[in-house]
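The values are calculated or read from the model by the stated rules, or taken from the named source; none is laboratory data. Everything numeric in this text was worked out from a predicted model, so none of it was measured. Don't worry about glycine lacking a Cβ; one is built from the backbone with ideal geometry, like all the others, and counts go over all protein chains shown. The protein model used for the area step is the full one, side chains on, heavy atoms only, and it has no ligands, DNA or RNA in it. Shrake-Rupley method; radii C 1.70, N 1.55, O 1.52, S 1.80 Å.
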Amino acid sequence: MKQQELEQRIEKYLKRQFGITIQSASKRQVYEALMSTVREKLSEKKFVYEQELKKTKQKRAYYMSMEFLVGRTLRNNLFNLGVEKEIKEYLAENNFDLDEIYDIEPDPGLGNGGLGRLASCYLDALTSSDYPVTGFSILYEYGIFKQVINNGWQQEFPDYWLDLGKYGLVYRNDEEIEVRFYGHVEEKMTENGFTVEHKDYTSIQAEPYDLLISGYKTKTVNTLRLWEAKAKTGFNMKLFERGEYSKSSEAEAIASSISKLLYPADSTNEGKELRIKQQYFFISASLQQLVKNHYNEFGTLENLSEHVALHINDTHPAMGVPELMRLLLDEYGYYWDKAWEITTKTFAYTNHTIMAEALEKWSVDLFKPLLPRIYSIIEEINKRFCQWVIDQGKDYTLEETAIIYDNQIRMANLSIVGSHNVNGVSKLHSDILVESTFRAFNELYPSKFGNVTNGIAHRRWLGQANPELASYLKELIGDDFVKDLSKISKLNDYKNDKKVVAKLQEIKKIKKEQLATYIQNTTGITVNPESIFDVQVKRLHEYKRQLLNALHIVYLYREIKYNGLRPVPRTFIFAAKASSGYQMAKNIIKFIHSISQMIECDELVREYIKVVFLPDYKVTLAEKIIPAADISEQISQAGKEASGTGNMKLMLNGALTLGTLDGANVEIHEAVGDDNIFIFGLETPEVDALYAHGYKPWEYYNNSVKIKETLDFIRTMTVGGMNFNFIVDYLLTQDNYMCLADFESYVAAQEKVAETYQDKEKWGQMSLVNTANAGIFSADRSVAEYAKDIWNIKKVK
Ligand code: CBF
């Protein structure tokens, strides 16, 4: 797109919409003009692209996910359109700073963490790689809550993002769909055969809004379709007249709740009725629309899997399986066996966690009245599946395999049975799935299971978040890596080039200074950019073990204060949201703040260590922190983090991983080798053995002086009138994720970090090796694997 064309469009918009020129416009008006102009440009590109796709009739993928953590769109779109520099200059000529305009855009928080961000990285990568794909989700009015810290405690505030975020969306009122809840099902034998009718249901209208997804310098424009729930008819007048007032406005009440807000829980499953409604709502709307379009185009659904690949992103969209069956059986008259063949050939499922509490289970009592027809289909799928298992001559118990068991519907089992492919998200995680979590299923369907290691949108996480590093790399090794991250390995040739290493360190320093300024402005804490920036940014969860990190800081505090330790200065940076109902996670946030406060009050200790907790972690904040990190803390208990993707973003930006052999850390370790990473802690089989043997945290307390002194010291801590005995009691009696078992080994690894950092050049080389070997963690690589091995879709030519 030519600069002039964009300028003209922006000015035309300002004139038409506000009757002003760019010279007299406000920042807010320029923001709106830019967002709308870019959206218009993408719509035009999309039109041309769709015409092409219609001609080729090629297969497309549909990525169904309750969460897409898109991040800000304006900079990404200008970057992808290749006009960011020009627009920056044009705005500067008119006295506007593009960065300030970017800051006006809300960061759409339509996801909780890794899962949602991965979905967005994949849409970006698929589009940049020219694969035809559509994302489906919900237009949550309120995204993930805004986190405010008050006296060290997390407080949650609603995040209404649509006010300024709506300019990126295209409303498609031509494609509204009705979704039905409640009522009852009548099955009849008629002269046309067996029919099923859903009666007395409550109707909700699904209204589509499209967020257009641009690709990096491509003609491809894909869509993220977000459904908003509306009551189809305000009041049900018949019920109203009969005096059934509450029932008469039922649809309105349901509709207004469905797309109101994102469930603010990560790696947990809160068995709430509203969540079932949300899931069915967006799945049903998406599938109805897609099936209708397919039928209109081909006159049959028999060939659905030749043109459509449906993806279940974690179990949340698992209802797609019975919903597609419903459409095929009830609306298009297919027989069960045919419908089942079409369904299973079309669906594939990715599992993102083995945490038992996150494998969704729905109580039959909750589910059945809400979705009577879907329930009856799941029952039938279960019946046939259980019979099939018996026919295989395997003696698995129902507990191991059944979809409905103990009055609960197990959505992971439904997803596996209803899909032709199941994958995990890192090598280790996929191995755990087949060897343990889904062992029986893997024996029943040996060719169904596979692995696709996660990847990240490197154009955002390097190109946009760290333009200083990206432009230096372009100078040094050419710009091929922007399109193809594997080319970044050329940087390895400069490992022994002192000038290059020094230049990379200079860039890191710039990013650290920028972050230091941000920290000063948001928390009032002054940090030293020369200190090690030791970063742990992710959701707050016990298994991620922010508590282990905190324990080590307390250990250092004691050593500095009482034992003469004078370590290399270090700034420990945390950012994390805790689910609103997760008290232990909130307690850990408070504990971290209290440690920070205790250090700030100590003249001696604060010279060496600082603790900073940056509130309201989100994509935009991650883009500030990640490029500035020296150490990437990936310290989850081995076997618990399915993959992690922050670890990849940090590695790409030159941070050294300090981690357990968990999730994708294992593959980062393989990529950089022993010498460029700090690995510690128990490995998965050791963790399993320890659990089996009976983990006794107090034995570690009794046998380790370091642990004993640290925990005893915590008992003496009083900060702001609060004591932290409960932390010690928790560790000694529960320690669910074995912080104490890994403590000594973690301290030793931290000592190695400190020692290594003193050799600046060595550190610089290690950092270079990390950036240079991050190529395999590009989402471009991951989506190419999905496209070829799972969806069987081709690039648009
Ligand atoms: O696969 C993407 C990410 O998903 C999670 O965040 C999830 O919500 N299940 C996992 O916890 C991460 O390990 C994983 O990287």
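Okay, residues lined up against (1) within 24 Å of Tyr375 (Cα to Cα); (2) touching a Phe, Trp or Tyr at 6+ places or on another chain (Cβ under 6 Å); (3) at pLDDT 90 or above:
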residue	(1), (2), (3)
Lys238	no, no, no
Glu244	no, no, no
Lys260	no, no, yes
Ser267	no, no, no
Glu270	yes, no, no
Phe282	yes, yes, yes
Leu290	yes, no, yes
Asn303	no, no, yes
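Pairs needed: first member in segment 353-372, farther than 25 Å from Met325 by Cα; second member anywhere, modelled with pLDDT of 95 or more and away from the ligand (no atom under 16 Å from the Cβ); C-beta distance under 8 Å; at least 6 residues apart or different chains.
What qualifies is Ile354/Ser436.
Of all residues in segment 130-145 being within 20 Å of Gly581 (Cβ to Cβ) and touching a Phe, Trp or Tyr at 6+ places or on another chain (Cβ under 7 Å), which is most open to solvent (accessible area, probe 1.4 Å)?
Tyr142
Residues in segment 385-393: is at least one open to solvent by 30 Å² or more (accessible area, probe 1.4 Å), farther than 24 Å from Asp337 by Cα and in a loop (DSSP other than H, G, I, E, B)?
Among the residues of segment 385-393, not one is open to solvent by 30 Å² or more (accessible area, probe 1.4 Å), farther than 24 Å from Asp337 by Cα and in a loop (DSSP other than H, G, I, E, B), which makes the answer no.
Can you find, within segment 719-776, the residue that is nearest to Tyr494 (Cα to Cα) among those that are assigned to a loop (DSSP other than H, G, I, E, B), of a type outside the set (D, E, K, R) and open to solvent by less than 70 Å² (accessible area, probe 1.4 Å)?
By that ranking, first place goes to Asn773.
Please verify whether segment 4-14 includes one or more residues that are outside any loop (DSSP other than H, G, I, E, B) and touching a Phe, Trp or Tyr at 6+ places or on another chain (Cβ under 6 Å).
Within segment 4-14 (the criterion being outside any loop (DSSP other than H, G, I, E, B) and touching a Phe, Trp or Tyr at 6+ places or on another chain (Cβ under 6 Å)), the answer is yes, since at least one residue qualifies.
Quick one: what pairs do we get from segment 249-269, first residue under 14 Å from Ala358 (Cβ atoms), second away from the ligand (no atom under 13 Å from the Cβ) and modelled with pLDDT under 80, C-beta under 8 Å, 6+ apart or different chains?
Tyr263/Glu270
Those residues that are within 29 Å of His352 (Cβ to Cβ) and either open to solvent by 60 Å² or more (accessible area, probe 1.4 Å) or in contact with a His (Cβ under 7 Å, 6 or more places away or on another chain) (or both), I need them from segment 461-483; list them, please.
Residue satisfying the conditions is Lys483 alone.
Name the residues in segment 114-155 that are away from the ligand (no atom under 16 Å from the Cβ) and of a type in the set (Phe, Trp, Tyr), would you?
Selection gives Tyr131, Phe136, Tyr140, Tyr142, Phe145, Trp153.
Of all residues in segment 309-353, which are outside any helix (DSSP H, G or I), away from the ligand (no atom under 16 Å from the Cβ) and open to solvent by 10 Å² or more (accessible area, probe 1.4 Å)?
Tyr332, Gly333, Tyr334, Tyr335
Restricting segment 354-365 to residues that are in a helix (DSSP H, G or I) and at pLDDT 95 or above, which is most open to solvent (accessible area, probe 1.4 Å)?
Once the filter is applied, the top-ranked residue is Asp365.
Quick check on my filter: what residues within segment 449-460 are open to solvent by less than 40 Å² (accessible area, probe 1.4 Å), in a strand (DSSP E or B) and within 15 Å of the ligand (Cβ to nearest atom)?
Gly450, Ile456
Any residue at all in segment 437-445 that's under 28 Å from the mean Cα position of the chain (by Cα), among the β-branched types (Val, Ile, Thr) and away from the ligand (no atom under 16 Å from the Cβ)?
The answer is no; no qualifying residue exists.
Considering only residues that are touching a Ser or Thr at 6+ places or on another chain (Cβ under 8 Å) and among the hydrophobic types (A, V, I, L, M, F, W, C), which ones fall in segment 709-739?
Met717, Val719, Met722, Phe724, listed by residue number.
From Gly82, Gly111, which residue is under 22 Å from the mean Cα position of the chain (by Cα) and either within 16 Å of the ligand (Cβ to nearest atom) or modelled with pLDDT under 95 (or both)?
Gly111
Any chance segment 91-98 includes a residue that's under 15 Å from Asp124 (Cβ atoms) and modelled with pLDDT of 95 or more?
no
Cβ contacts < 7 Å: first residue touching a residue at least 40 places away in the same chain (Cβ under 8 Å) and closer than 13 Å to Ile677 by Cβ, restricted to segment 628-651; second residue among the polar types (S, T, N, Q) and within 11 Å of the ligand (Cβ to nearest atom), any location; separation 6+ or different chain. Result?
Correct list of pairs: Ser632/Asn647.
Report every pair of residues separated by at least 6 positions or lying on different chains whose Cβ atoms are under 6 Å apart, first residue within segment 501-527 and under 19 Å from Met766 (Cα atoms), second acidic (Asp, Glu).
Matching pairs, first to second residue: Ile507/Glu468; Ile510/Glu468.
Please work out which residue is nearest to Ile374 (Cα to Cα), limiting yourself to segment 409-448 and to residues that are among the charged types (D, E, K, R) and surrounded by 18 or more Cβ atoms within 10 Å (Cβ to Cβ).
The selected residue is Arg410.
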